[in-house]
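The values are calculated or read from the model by the stated rules, or taken from the named source; none is laboratory data. Worth saying up front: this structure is predicted, and the values here are computed from it rather than measured. Note that each Cβ is placed from the backbone with ideal geometry, even for glycine, and that neighbours are counted across all protein chains shown.
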């Protein structure tokens, strides 16, 4: 009788591939680390950009993030997945940057990256808001959402970026930020209320 085995999930396959690349990178294979950079640049770009709203700052931060990851990869012990590890580095470095510069209060709405601006996920910040924003011109909506995001504190903007825009689950965000799932949920609830109120005022 043939035994039927479960196929590995995409996430499990991706994590296994990461482990192989990390081990090679730890042995000094720079091409393996380059593969990790190529794999995670698009998602990390989206996260960092949505927290900084500035393309130049995002590009600079990504360089610094991957440089730090490269310097630290030999100390990576695999206690978490590589993606959790690289996201944690990215979030911490971006938050440090925002706190130093106070960027969240000083954002140019004209500096909207076209790739992010046209991303349909960017305009779906929360299901509860869809009726509120339905009749707003799409370009104005994107600017309004950008402005609303910048009204949030760094901690609240981080969870909205990771959950609503990047699509991470509560337990993943908990690992990335090093806080409890309850904290993640409460921050999301509070942030969604602020965003919805702000957008209702605009329309």
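Some points to look at:
- Selection from the range 143-175 of residues that are more than 12 Å from the chain's Cα centre (by Cα), closer than 17 Å to residue 88 by Cβ and either modelled with pLDDT of 90 or more or not in a helix (DSSP H, G or I) (or both): 170, 171, 174, 175
- Filter pass, residue 93 being modelled with pLDDT of 90 or more, in contact with a helix residue (DSSP H, G or I) (Cβ under 6 Å, 6 or more places away or on another chain) and surrounded by 13 or more Cβ atoms within 10 Å (Cβ to Cβ): yes
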